[in-house]
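First the structure, in the form of structure tokens, and then the observations on it.
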Amino acid sequence: GIKKPFTEVIKANIGDAHAMGQRPITFLRQVVALCTYPNLLDSPSFPEDAKKRARRILQGCGGNSLGSYSASQGINCIREDVASYIERRDGGVPADPDNIYLTTGASDGIATILKILVSGGGKSRTGVMIPIPQYPLYSAVISELDAIQVNYYLDEENCWALDVNELRRSLNEAKAYCNPKVLCIINPGNPTGQVQNRKCIEDVIHFAWEEKLFLLADEVYQDNVYSEGCQFHSFKKILYEMGPEYYNNVELASFHSTSKGYMGECGYRGGYMEVINLHPEIKGQLVKLLSVRLCPPVSGQAAMDIVVNPPIPGEESYSQFIKEKESVLNNLAKKAKLTEDMFNTVPGIHCNPLQGAMYAFPRIFIPSKAIEEAKAHKMAPDMFYCMKLLEETGICVVPGSGFGQREGSYHFRMTILPPVEKLKILLEKVKDFHIKFLEKYA
């Protein structure tokens, strides 16, 4: 009942596209609707290409129903579609449906792979190398599995680039207290939004090959690339192009999802992972581990199928699909630029270019007086800042300390998903708040 100085809370803390007002892709929803309620297959309101896909998915389901369990690895025809999608995306690099595992969002795949990779005790306990800043799923799963978190820092001064010398430093230091076996990469980056160039990916793959590390490539933002001169390269494609010595030896799991991209279908919990060069016995254990949870949500599998098997030129839904897809991505590109430009006009805020993904991770200057007050409240300085921002403006963002950051630097993560007009209001409010905050604590 207390009067607040704002009329609504703007939740810029989570990458939940539809919650922020993004419209669903019509074709995806049509196919899932047809699969959910097959009586609609007789309706003239649905296009023929959507019906064709729905029939194919339903034929792959037990009893032709989305309500039946699927195989633990996922519905066969959908895994075939995923393999075809990867081949198209990577310019003909072969993909085997048997290496595809459908998952409950990408998170489920990442947690499952880490589960089979973690072993040992004491100094032989598995170390998992993760980028700092990182998406907190990684630190949470590492903690849950009682594995050892090994941090490597992205280079903020160089647009959050990944430097192999930093990987080497991190690995060598970690060898004193654990057995580093896994290297996680997020590309495009969350929360940092950088897109790795080809040379960087080659260097990382060479490093993993040299050190016999298992590579985890989190590529859920592969459709979200905005900056000119930036392009998404999959780890699988570059690995293949580096030749058989690498392609036949480096163990790689890569992940994709229905939740991000232009789809934003977070609630369906659809995802897949492709795992290559896994030892046959370990593969057997992976399938066994997956069967414990029976199967990923079948409606999520259907949604994933549309992501990898969208309308093609000549089909009746193609023009509407392309129009909707491009509208979402062009809008995000515009918002990425707007956010970067606006933050960089504010004294005491610095924001790297938002090359991809759907977040800004600006560095904020926090005066020493505010740091002292945060300590008195037993809070991290950037948590103190974010709480003040929430209380005074109604804008909810996440402190950088939740993702990890270099000692003495402060950030927050916010999503760029709100509609343009709302985003402009949000950015203006942050600007005014920051200037007042500096004046108060200078």
Quick tally, 1.4 Å probe accessible area for Tyr246, Tyr441, sorted with the most first, runs Tyr246, Tyr441
Heavy atoms only, probe 1.4 Å: what % of the accessible area of the chain goes to carbon and sulfur, would you let me know?
-> 52
If the cut-off is a Cα-Cα distance under 25 Å, which lysines reach Lys325, setting aside same-chain residues fewer than 8 apart in sequence?
-> Lys11, Lys51, Lys52, Lys236, Lys237, Lys260, Lys334, Lys335, Lys337, Lys422, Lys424
Square roots of 5 times each gyration tensor eigenvalue, C-alpha, region 51-101, largest first, Å = 23, 13, 6
For region 177-236, listing chymotrypsin sites (Phe, Trp or Tyr not before Pro) in a DSSP loop whose Cβ sees at most 13 other Cβ atoms within 10 Å gives Tyr177
DSSP loop (so not H, G, I, E, B), at most 12 other Cβ within 10 Å: list which GluC sites (Glu not before Pro) in region 190-279 pass both filters.
-> Glu228
Between Lys337 and Lys436, what FRET efficiency follows from the Cβ-Cβ distance if R0 is 30 Å, with the result rounded to 0.05?
-> 0.70
222 nm [θ] for the chain, helices only, -39500 (n - 2.57) per DSSP H run of 4+, per residue, to 500?
-> -13500 deg cm²/dmol
How about region 225-303: which trypsin sites (Lys or Arg not before Pro) there are in a DSSP loop, with at most 12 other Cβ atoms within 10 Å of their Cβ?
-> Arg293
Hydrodynamic radius (Kirkwood) for region 259-343, which is based on Cα pairs only, to one decimal in Å | 16.1
Pull out a ≥ b ≥ c, the square roots of the eigenvalues of the alpha-carbon gyration tensor of region 225-291, then state rounded if a/c is under 1.5, prolate if not and a/b is larger than b/c, and oblate in the remaining case.
-> oblate
In terms of the Cα gyration tensor, with a ≥ b ≥ c the square roots of its eigenvalues, is the chain rounded because a/c is under 1.5, prolate because a/b exceeds b/c, or oblate?
-> oblate
What net charge is computed for the residues neighbouring Val93, neighbours being all others with C-beta under 12 Å from the C-beta of Val93, Lys and Arg scored +1, Asp and Glu -1?
-> -1
Take the Cα radius of gyration of region 59-308 and divide it by 2.2 N^0.38 Å, with N its residue count; two decimals is plenty.
-> 0.98
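The values are calculated or read from the model by the stated rules, or taken from the named source; none is laboratory data. All values reported here derive from a predicted model rather than from experimental measurement. Cβ sites come from the backbone with ideal geometry, for glycine too, and all protein chains shown count toward neighbours. These area figures cover heavy atoms from the full protein model, side chains too; ligands, DNA and RNA do not enter into them. Shrake-Rupley method; radii C 1.70, N 1.55, O 1.52, S 1.80 Å.
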